[in-house]
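The values are calculated or read from the model by the stated rules, or taken from the named source; none is laboratory data. Predicted model only: the values in this text are computed from it and were never measured. Cβ placement follows ideal geometry from the backbone for every residue including glycine, while neighbour counts extend to all protein chains displayed. Ligands, DNA and RNA are excluded from the accessible area calculation, which covers all protein heavy atoms including side chains. Shrake-Rupley method; radii C 1.70, N 1.55, O 1.52, S 1.80 Å.
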Amino acid sequence: MVRMILADITVSVSTVALSVLGSWGIALHVGKSCRLNSAQTEAVDHLLPALARIRGLLHASSARRLEPIEVGRAVVDFEELCLQHDAVLPKRVRTVRREVRAAVGNYLGGVSLAAVDAELQEHPLGELDAYWQDISLSYVEYVLRDLKESTHSPKGHMVSFHGWRRDEDDNYRAFLRSG
């Protein structure tokens, strides 16, 4: 009988100890996950206004003449924020800096490299074309949506600008052939 009581006590103490250790481990994991989600959300929240500024410039280019310095400054500001927050961005959007640079460069030219070479901040804008504006603008709008979604849905990947442009070009060529 004493052995049975001692065995019951041992099992009970072991169960309690394992429960405490398991709960502690789960709490650590959940805490770490919450901190990561919070950091990712904060990083995305910092990028969105800078990207919206670039989107606004792409949009405004059809109504007014953009100054290279305003585009260059917007690109530099966006890229600096990307560099500051890159380590905690959701993995699916970590290429955002390079892809937005490609979209801006596709339409506005060398000024998109202002963060890479300061002298390009005042480089004249490329020849503006409505077709390329549409592709670059729609891509930046897609990236804005994808950035917002990335903190809630970490799975998947962001379509590269090259892939976006290829698909748009194919659709455009098909449209021209059908007309």
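Per-residue extension of 0.36 nm, minus the Cα-Cα distance of Asp167 and Ser138, leaves a gain of 9.2 nm for this segment. Sparsely packed loop sites in the stretch 124-179 (the GluC sites (Glu not before Pro) outside DSSP H, G, I, E and B with at most 14 other Cβ atoms within 10 Å) comprise Glu127. Seen from all directions on average, the stretch 93-148 presents a Cα convex hull projection of 3.8 nm².
Filter the trypsin sites (Lys or Arg not before Pro) in the stretch 68-161 to those in DSSP coil with at most 12 other Cβ atoms within 10 Å of their Cβ, and list the result. Before the final figure, lay out each step's value.
Working: sites: Arg73, Lys91, Arg92, Arg94, Arg97, Arg98, Arg101, Arg145, Lys148, Lys155; in loops: Arg94, Lys155.
Passing both the DSSP loop test and the Cβ count: Lys155.
Working from label points 7 Å from Cα in the Cα-to-Cβ sense, the Leu128 to His157 distance is 3.4 nm. Ligands, DNA and RNA excluded, the heavy atoms of His85 present near 30 Å² of accessible surface to a 1.4 Å solvent probe. Across the stretch 82-155, C-alpha contacts under 8 Å between residues 6 or more apart give a mean separation that, scaled by the residue count, equals a relative contact order of 33 percent.
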